[in-house]
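Visitor: Sharing a structure with you now.
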Amino acid sequence: MNEKYAPLKSNVKMLGHLLGNTIKEAHGEAILEKVETIRQLSKSARGGNQADRDALIEEIKNLPNEQLTPVARAFNQFLNLTNIADQYHTISRSCEADVCEPDPVYSLFSKLSEENISKLDTAQAVRDLNIELVLTAHPTEITRRTMINKLVKINKCLSQLELNELSHSERKKNERRLEQLIAQSWHSDVIRKQRPTPLDEAKWGFAVVENSLWEAVPEFLRELDDRLENYLGEGLPIDARPVHFSSWMGGDRDGNPFVTHSITREVLLLSRWKAADLYLGDFQELITELSMVKCNDEVREMAGDQHEPYRAILKPIRVLLNNTLEVLDAKINHQDVPNKPILEHVDQLWDPLLACYKSLHECGMSVIADGSLLDTLRRIKAFGVHLVRLDIRQESTRHSDVISELTRYLGIGDYDQWSEQDKVSFLVNELSSKRPLLPRDWQPSEQVQEVLDTCRIVASQSREAFGAYVISMARTASDVLAVHLILQECGCKFRMDVCPLFETLDDLNNSEAVIKQLLNIDWYRGYIQNHQMVMIGYSDSAKDAGVMSAGWAQYSAMESLVKVSEEAGIELTLFHGRGGTIGRGGAPAHAALLSQPPKSLKGGLRVTEQGEMIRFKLGLPEIAVNSLGLYASAILEANLLPPPEPKQDWRDLMDVLSEVSCESYRQIVRGEPDFVPYFRQATPELELGKLPLGSRPAKRNPNGGVESLRAIPWIFSWSQNRLVLPAWLGAGEAIQYSIDKGHQELLEDMCREWPFFSTRLGMLEMVYSKCNLEISRYYDERLADPSLLPLGDKLRAQLQKDIKAVLNVENSDHLMQSDPWGQESIRLRNIYVEPLNMLQAELLYRTRQDGEAGEELDEALMVTIAGIAAGMRNTG
Ligand code: PGA
């Protein structure tokens, strides 16, 4: 490995060594030796030694049941420790000195000046920055919170150890602490025993804000401010809000019966409670700090004749915050609510604090104003009084069920059976009418009642509490109007952003027509006040049509939505429903944003952050600062130096690639009779259901087949057996087809000049590198009926051909040529992931043989699932 990674390598080695000591102490030398034998065999098998490969398989087949768990745990823990060393590396001093890219905002500014982009335009683009990260409770974080906490502490120790000036005893103390933390992890359960409730999930989200974002946001803005000051000669305006946060935790009820209206109510209260609690900490600190006496006239007037005017202004806010906590507590616990004024609006915090800020500046105390006080002002803008804004998400048919039950009750027919045109005119009529539609004595079904109750909760709050109301599986204009009508009927007085989520191939292709239709409705145009939000579904479209075809449909949909909104003169916010993995639309932020159509980021960026990605990107303040910097620079770049408009022949070829890839993908997934049994047998799909990852069920319909399986477990299963099928199937075949049709040169052009296309190929390379043919074949041999083996072989042969096709277009000799570190990091982990894969196949074999698995095997199996996920660096 390259010398510049030496500090990382030495950290991995040290952590591995400490883990070894822990294992030896807990289980004796024999287990440690077993682990070491397996590791050595795996290493040599990777190097191509077939005899060692056979020996490894034998070794694993012969492991007695009671040794399976400790061995699996050893590899699992090692991968977690490697990940933490890797994560630490990105924020370490050695990385800053030798490895890291220069600060992305700084590099962007050099690029902008090379390209002669005017400073005026740059300043405007910075003022327009609007990044909204939406934290979701998607069940992809496999690591328990207890473990995450320990990993965070390990990270802290690593950072301490990097300091040269540590004394001998300080160093010893740190090493002992590391040892303790590793031992604590070893002796704790790796897997959650129970599913988290939606409330647990929401609290986890608040903890991310508390432990990381609360600190990271002002820090990020401080850095950005500095860079701007240097480059433009003017910093960030004081009231800028380039980044803010929303959440789905406790609001997303799509296919999750546990997210009820009362949960949503409680989460809304808890989120305000947490905000008040965090502000209280800030104000305590400010009251301690701001003992100055000199002030301007405004502050003097506010403070009266108090000697320490700043404290005099801030103390009543402390009382207000304490009252807020008390009142919210009572509401959360359904107790009598004390009659006290509470924090309702950000101005209650902002106005007095801003006055202090200005006064300190005017009175020659800028250095004080620009310290913690400025940080709190920045937080007030970013987090408001609600901490995060909650999105509500519900599936489209749940709303049409409401209207249909209602029209049947009213005796005017069955809404569900009406044509789209009739539905739209009914809804528009009712939306424009002043007469209420819901009969007083109507007693709807429980399901319908729940939708109504949720909308009543929305109506009872202020607009600022919410981000958007997202309709999943949205198809038609009536899907959107129905939600507006239900909200109106439930007494919602403010304008909620109702955001259709288009998530199948057909729906994406049809999205332009739906939005056009809506914008042609007078009532709608008037109501939305020139703002429309549309969500693009990345993973379900990929599950439906394969990644290549879905990628092109997403691009085309965004492009035409941008055009439609420009023509109509409305502002469009595109909301990206991306997952972490490539099969679910994941990609490094920079590449992902620059591969979007020109102008698609003008309305800002709204994007989901999910599960383990929240931890990887936002889990620690330093990491979050880096991630926010990456987002900001990528958006500025996309807006100021937009990627090229695709040429007509690129588009034509994309149409072909899309069609051919979709056909090949569907031919296997839908057309191949052996496919479903193969999927069930060769992957741990059935067993994954037992893993208590998130609060929501794995399927929309518990009795449904693969079609009702959610995108996350679908991708998750295939990444466990290392075929990673849905992330590549169809794409390479389409590329080869186009080469055969004589389009090699054109493909190479696209790859060179069009970020959309080159990113796509780059992501395919990454997926190919995570695939492992031998392992996937081993799963087949151990687990699948012999009659299914030809299908597995066919898919693997296809994969090999696909890799050749992609490398050919890219003119590369081998995968990830341009990302040696990425390649190295996959290779490094493989030595530990492969034994886990083999253990998993063995465990699946044993548990499926026995029918009743027993706790021991079950636990070992879950540990392998978690370990492989850690090794692949993501789950679903
Ligand atoms: P969804 O998300 O199933 O909630 O639509 C899919 C995903 O994030 O991959």
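The values are calculated or read from the model by the stated rules, or taken from the named source; none is laboratory data. Values in this document were obtained by computation on a predicted structure and should not be read as measured data. Reconstructed Cβ throughout: ideal geometry from the backbone, glycine too, with neighbour counts over all protein chains shown. Protein only, heavy atoms only, side chains kept; ligands, DNA and RNA dropped before computing areas. Shrake-Rupley method; radii C 1.70, N 1.55, O 1.52, S 1.80 Å.
Visitor: Can you tell me how much longer the chain between Asn149 and Glu855 gets when fully stretched, taken as 0.36 nm per residue apart minus their C-alpha distance, in nm with one decimal? Before the final figure, lay out each step's value.
Guide: On the way: separation 706, 0.36 × 706 = 254.16 nm, distance 2.62 nm.
Residue separation times 0.36 nm, minus the Cα-Cα distance, leaves 251.5 nm.
Visitor: Between Lys172 and Val656, what is the spin-label point distance in nm, taking each point 7 Å from the Cα along the Cα→C-beta axis?
Guide: Result for the modelled spin labels: 7.2 nm.
Visitor: Rounded to the nearest percent, how much of the accessible area of segment 310-412 (1.4 Å probe, protein heavy atoms only) is carbon and sulfur?
Guide: Numbers: 2020 of 4170 Å².
Roughly 48 percent, rounded to a whole number.
Visitor: Ok, one more. Once you put a point 7 Å from the Cα of Arg848 and another 7 Å from the Cα of Asn510, both along the Cβ direction, what distance in nm separates them?
Guide: Output for this residue pair reads 3.8 nm.
Visitor: For the chain, what is the percent of antiparallel DSSP beta bridges, rounded to the nearest 5?
Guide: Approximately 5 percent, going by the DSSP bridge assignments.
Visitor: While we're looking at this one, here's another question. How big is Rg to Rh over segment 207-331, alpha-carbon atoms, Rh as the Kirkwood inverse-mean-distance radius? Could the numbers behind the result be given before it?
Guide: Values: Rg = 19.2 Å, Rh = 17.8 Å.
Answer for segment 207-331: 1.08.
Visitor: If you don't mind, another one. Just to verify a number: what accessible area does Lys770 come out at with the full protein assembly present, 1.4 Å probe, Å² rounded to tens?
Guide: Accessible surface of Lys770 is approximately 40 Å².
Visitor: Next question, about the same structure. Averaged per residue, what accessible surface does the chain expose to a 1.4 Å probe, in Å²?
Guide: Working: 35120 Å² over 876 residues.
I get 40 Å² per residue for this part.
Visitor: Ok, one more. Could you calculate the contour length gain from Gln67 to Asn296, that is, 0.36 nm times the residue separation minus the distance between their Cα atoms, to one decimal place in nm?
Guide: Working: separation 229, 0.36 × 229 = 82.44 nm, distance 7.29 nm.
Gain on extension, Gln67 to Asn296, equals 75.2 nm.
Visitor: Students often forget the sequence filter, so: which lysines lie under 29 Å Cα-Cα from Lys801 once same-chain residues fewer than 8 apart are removed?
Guide: Leaving aside lysines fewer than 8 places away in the same chain, those within reach of Lys801 are Lys43, Lys543, Lys647, Lys741, Lys770.
Visitor: Want the number for Asp422 to Ile332: 0.36 nm per residue separation, take away the alpha-carbon distance, what's left?
Guide: Working: separation 90, 0.36 × 90 = 32.40 nm, distance 4.32 nm.
In short, 28.1 nm is gained.
Visitor: Compute the FRET efficiency between Ser462 and Ala51 as 1/(1 + (r/R0)^6), taking r as their Cβ-Cβ distance and R0 = 60 Å, and round to the nearest 0.05. Don't skip to the end; give the middle numbers.
Guide: Details: r = 70 Å, r/R0 = 1.16.
Rounded to the nearest 0.05, the efficiency is 0.30.
Visitor: Looking at the P(r) of the chain, how many percent of alpha-carbon pairs lie beyond 39 Å?
Guide: Working: 168667 of 383250 pairs.
So the pairs more than 39 Å apart make up 44 percent of the total in the chain.
Visitor: In addition: Net charge around Gly551, counting only other residues with Cβ within less than 14 Å of its Cβ (Lys, Arg = +1; Asp, Glu = -1)?
Guide: Working: positive: Lys543, Arg578, Arg584, Arg651, Arg760; negative: Glu503, Asp540, Asp544, Glu559, Asp655, Glu659.
Residues close to Gly551 contribute a combined charge of -1.
Visitor: Shifting gears a bit: Taking the Cα centre of segment 468-605 as the origin, how large is its charge dipole in debye, to the nearest 20, when only Lys and Arg (+1) and Asp and Glu (-1) carry charge on their Cβ atoms?
Guide: On the way: 11 positive and 14 negative charges, 63 e Å.
My answer is approximately 300 debye.
Visitor: Counting only pairs 8 or more places apart or on different chains, how many lysine pairs in segment 114-236 have C-alpha atoms closer than 26 Å?
Guide: 12
Visitor: Counting only protein heavy atoms and a 1.4 Å probe, tell me what percentage of segment 742-835's accessible area is made up of carbon and sulfur. Can you show the working numbers first?
Guide: Working: 1970 of 3910 Å².
After summing per-atom areas, the C and S share lands at 50 percent.
Visitor: Modelled label-to-label distance, Glu96 and Lys690, 7 Å Cα→beta-carbon offset: nm?
Guide: 4.7
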